[in-house]
Amino acid sequence: LLDPRGPSLWMGSSGSGTQAHYDVADNVIVQLFGSKRIRCYSPDAASALHVFPDAHPRARKSQVNFDNPDHALFPNFSLLPPPEIDVELETGSALFIPAFWFHHVENGIVAQKSCPLQRQGNPGPSVSLNLFSLSKPMMVAQNIFRDASRPLGETQFHFNFAVAALRS
């Protein structure tokens, strides 16, 4: 089921990016122009990424600056495993990112195979399109929040149903 809000268009200059974060929907990112490096980490990496709490305006995002991490402030970042996926998207390529998987995005950045810390930028813009789909966990969460305003007995029934659905 595609997200009824439709696709998102992302444009950025070389070197710009998006801090590591997760989405609650499955998503496919299609590179329309330029290049983009995406590093994906499983949900198990949350503690190493020092994610902002849910009530924070930057919820779902890592607090760590990947280019200059403060290991004293974020000690678990040193425990971050290598990304499960580390890919460069070029024009015409696409990547599926499951719901709740962290992804760190850098526009026009390519890690050099011989020296992963040395990076090059593609001297041009990066344009991509995201298509989100309603994942099962996302739909369950929406139902829980929708039902929060109902009388307790009815809400408890829906909560128990949601927990059972997630376990199946």
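Taken together, the values in this text are just the output of simple stated rules run on the coordinates, not laboratory data. Here the structure is a predicted model, which means the values were calculated and not measured. Every residue, glycine among them, receives a Cβ derived from its backbone with ideal geometry; neighbour counts consider all protein chains shown.
Here are the numbers for the structure shown:
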{"read-out": "Rg(Cα)/(2.2 N^0.38 Å) for segment 29-105, N = residue count", "value": "1.18"}
{"read-out": "Full-stretch length increase - Arg58, Val30 - with 0.36 nm per residue and alpha-carbon distance subtracted", "value": "7.6 nm"}
{"read-out": "Label-zone membership for segment 58-78, site Ala46, 7 angstrom Cα→C-beta point, backbone N under 20 Å", "value": "58-65, 74-78"}
{"read-out": "For segment 1-57, convex hull of alpha carbons as volume per residue, Å³", "value": "142 Å³"}
{"read-out": "Label-point separation in nm, His71 to Lys136, each point 7 Å along Cα→Cβ", "value": "4.0 nm"}
{"read-out": "Distance in nm between pseudo-label sites at Ser13 and Asn143 (7 Å out along the Cβ direction from Cα)", "value": "4.7 nm"}
